[in-house]
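Before any comments, here is the structure.
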Amino acid sequence: MTDQTRPATVRVFIALAPPDHAKEELTRELRSAYGTHPHMRWNRVEDWHITLAFLGELPPETALLLQAPLAELAAGREPIPLSLRGSGHFDDRVLWSGIDGDLDALHMLADDVRTAVKNCGIVFEARPLRPHLTLARARRGDRSSAGEIAEGLAEFTGLPWPAERLHLVGSNAGRSRGPIHYRDIESWALGSGAPTGSRADRQSPR
C-alpha cells in the first residue's frame, strides 16, 4: 500500500475469536437460515469475533501504540474457557450468537484491555460489555427475520473451547463506501505474549 492509497484512519477494535471448529459447528447450525433468509446481510465467518473494546476510527500510527501494552497484558493472562450458546437480536435487526463459559474472566480481561487503551491516551466510547458474535443484519424495514432466526438457534449449545489469543484488529479503510474487511494488526497468545508470525500469515478473527 502506497502513501497515496494508505487510509487516513482505520476502524480498530480489540477482540477474542472462536477457533475454526467452533465456527464450523455454528455454521452447520446456520445452514437452514442461510437458505431461508438469503436477504440478510450475513457477516463473513472469518470476521466473527468477541469485541472487548471498539475504538472506532484511528490513525494507523495511533493503533500501533497499543501493541506493547496489549502484549504485556496478554502475557499475564491464561486462556479463557468459552463456548457459543443460544442467540438473540439487537433492535430487531442485528442477529447474534451468545457466549457462555468463564464470563467473569472475560469481563476482567475486557476491563483491563480498556484500561490499557485509556492509559495510551486513546479516547473511545466504553460501552458495557455484552459478549456475543454478530452474525448478520436485516435490511432496513425488515423487523422479523432476525427474530425468526434467533428463535431457531435458541437451544444451540456449542462445544467448549479456550480463547487463546488477544487480537488487535484494523479495517482496510476508515469511512469507506466499499466492503470493509478486517485483519489482525497484531495478536498475542494469552499466557505467553508471543505475537504471531509475519502479517502475511495472520488471519482476521473468526
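A short reminder: the numbers here are calculations on the coordinates, not readings from a lab. Computed from a predicted model, the values in this text were never measured in an experiment. Cβ placement follows ideal geometry from the backbone for every residue including glycine, while neighbour counts extend to all protein chains displayed.
Here are the numbers for this structure:
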quantity: Intensity falloff of region 15-111 expressed as log10 I(q)/I(0), Debye formula with alpha-carbon point scatterers, at q = 0.19 Å⁻¹; calculated: -1.12
quantity: Per-residue HN-Hα couplings for region 149-161 [Karplus 6.51, -1.76, 1.60; θ = phi - 60°; Hz; x = Gly/Pro]; calculated: 5, 4, 4, x, 9, 4, 9, 5, 9, x, 5, x, 8
quantity: Rule-of-thumb Rg ratio for region 84-130 [Cα; 2.2 N^0.38 Å; N residues]; calculated: 1.43
quantity: Difference of contour (0.36 nm per residue) and Cα-Cα distance, THR62 to HIS21; calculated: 11.4 nm
quantity: Residues whose placed amide H lies under 5 Å from that of SER87, excluding near-sequence neighbours; calculated: GLY98
quantity: Cβ-Cβ FRET estimate between THR157 and TYR34, R0 fixed at 22 Å, reported to 0.05; calculated: 0.65
quantity: Kirkwood Rh and Cα Rg combined as Rg/Rh, the chain; calculated: 0.96
quantity: Added length on full extension, which subtracts the Cα-Cα distance from 0.36 nm per residue, PHE124 to TRP42; calculated: 26.8 nm
quantity: Label-point gap, in nm, between PHE54 and ASP112 - each point 7 angstrom along Cα→Cβ; calculated: 2.5 nm
quantity: CD proxy at 222 nm, helix term only [per DSSP H run n ≥ 4: -39500 (n - 2.57); per residue of the chain; nearest 500]; calculated: -8500 deg cm²/dmol
quantity: Charge sum, other residues only, whose C-beta stays under 12 Å from ALA74's C-beta, Lys/Arg counted +1 and Asp/Glu -1; calculated: -3
quantity: Listed peptides 60-66, 111-117 by packing density, highest first (mean Cβ within 10 Å); calculated: 111-117, 60-66
